[in-house]
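What follows is a set of notes on a single structure, which appears directly below.
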């Protein structure tokens, strides 16, 4: 398999994982995007044998709120500089979109990192392509995670008579927390199989 063919296969896997991630974050994702075969991906995004990353860009909307949208960008640069991030911010501002994910192939310049977090109302996440080659939540050693809403969080704290500070922690940079796009203060329910109880449920707060 030549270099371009390997790259097409690689990006097909990344593209599939990103769509799975959007679906798991409760965005509307077409079944055709989740089930797209390698041949279909190649025909649509790499007809000349090389992936056109710019064409991979897409936008999704929340299932329960069509106005809550998120861009997913695929820059075709080894190093992401500040100009790229500013271009994305400009596009987001123009479209009225306040959330985005940048999926990049190489490195992220420090100036670009500052620009990424400089706009208070916007949340721009970043994932290296290599982090999305597989869906971490499908790994056999990763238990089921479910991010709770605000009301569900209040209910859990009330039920167990706990304060937020008493909950175990999950870090913002935890791979699963990043996959679900968790923010500080959110609580995730973790369900593990148990030989005695059938399942073992714990809760962690993102910090």
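None of the figures in this text is laboratory data; all of them are computed from the coordinates on show. Just so we're clear, the structure is a prediction, and the values are computed from it rather than from any experiment.
Enter the angle in degrees (range 0 to 90, nearest 10) between the Cα long axis of helix 82-95 and the first principal axis of the Cα atoms of the chain, meaning the one along which they spread out most. The two axes meet at around 70 degrees.
Relative to the longest principal axis of the Cα atoms of the chain, helix 150-159 runs at roughly 30 degrees.
Where does the chain land at 222 nm, in deg cm²/dmol rounded to the nearest 500, when only DSSP H runs of n ≥ 4 count, each adding -39500 (n - 2.57), divided by all residues? Let's see the in-between values first.
Working: 8 runs with 74 residues, N = 207.
Using -39500 (n - 2.57) per qualifying helix, the result is -10000 deg cm²/dmol.
Both radii come from the Cα set of the range 137-206: Rg as radius of gyration, Rh as Kirkwood radius; their ratio Rg/Rh reads 0.97. Scattering from the chain was approximated by placing one identical point on each alpha carbon and applying the Debye formula without solvent; log10 I(q)/I(0) at 0.08, 0.09 1/Å stands at -0.32, -0.41.
Here, P(r) means the percent of Cα pairs in each 5 Å bin from 0 to the largest distance; for the range 64-145 it is 3, 13, 23, 20, 15, 13, 9, 3, 0. Could you tell me whether the range 130-171 comes out rounded, prolate or oblate from its Cα gyration tensor? Rule is a ≥ b ≥ c as square roots of the eigenvalues, rounded for a/c under 1.5, then prolate if a/b exceeds b/c, otherwise oblate. Prolate shape, in that a/c is at least 1.5 and a/b is the bigger ratio.
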